[in-house]
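Have a look at the structure below, then the notes.
The values are calculated or read from the model by the stated rules, or taken from the named source; none is laboratory data. Since the structure is predicted, the reported quantities are computational estimates derived from the model, not experimental observations. Glycine gets a Cβ as well: all are built from the backbone with ideal geometry, and neighbour counts include every protein chain shown.
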Amino acid sequence: MAMEIKKILFTTDFSEGTSHALSYALDIANKYGAKLHIFHVVYNSFIYPGLHIPHGSFDIVKKEMEEAANKALRKICASAGESCKDIESSVAHGVPYEEILKYAKEHNFDMIIIGTHGRKGLDRALLGSTAERVVRNSHCPVFVVRMPM
């Protein structure tokens, strides 16, 4: 049975790891003639239980973060140029792995492409692994691109 890939979700946190993974996403999308959707999740990690941020201030920060993310996504799409003719992008708010999984399922993507930092030890324990959680819980294949050593 041949694998059919028509819709690819590429996730980015704008780090070096996901920048490296973008070339793989573009190449795979081109090879399969698939639509590439670039997705970023604004992780509101500055919100801690018990920390009071006035509602208006939170809304302003959230809006600024979303605007910055959309600007960065437009830049990525523009840099892809002719290498991928069918690109869309969007931004969500929440816990990255949860939003990635929810968005991928809701929009019925055939594949998720995600970069990884390759963190180890305490960094990984404290920061967790979005890529690992996506791989474990995804409804579709996940292509993980690791930073070169």
Only residues that are under 13 Å from residue 39 (Cα atoms) and more than 13 Å from the chain's Cα centre (by Cα): list them for the stretch 5-24, please. 7
Name the pairs whose Cβ atoms lie under 7 Å apart, with the first residue in the stretch 64-78 and within 12 Å of residue 12 (Cβ to Cβ), the second of a type in the set (Gly, Ala, Ser), and 6 or more positions between them or separate chains? 73/89; 77/89
Of the residues in the stretch 16-56 that are of a type in the set (Gly, Ala, Ser), part of a helix (DSSP H, G or I) and at pLDDT 70 or above, the one that is farthest from residue 88 (Cα to Cα) is 17
Taking the stretch 1-34 and keeping residues closer than 17 Å to residue 100 by Cβ and among the charged types (D, E, K, R) leaves 7, 13
For the subset of the stretch 1-15 comprising residues that are under 18 Å from residue 74 (Cβ atoms) and of a type in the set (Val, Ile, Thr), which member is modelled with the lowest pLDDT? 12
Which ones in the stretch 103-122 are assigned to a loop (DSSP other than H, G, I, E, B) and either surrounded by fewer than 14 Cβ atoms within 10 Å (Cβ to Cβ) or at pLDDT 95 or above (or both)? 107, 108, 109, 110, 120
Residue 80: passes all of (1) surrounded by 15 or more Cβ atoms within 10 Å (Cβ to Cβ); (2) of a type outside the set (Val, Ile, Thr); (3) at pLDDT 90 or above but (3)
From the list 100, 87, which one is at pLDDT below 85, surrounded by 17 or more Cβ atoms within 10 Å (Cβ to Cβ), among the aliphatic types (A, V, I, L, M) and within 23 Å of residue 139 (Cα to Cα)? 87
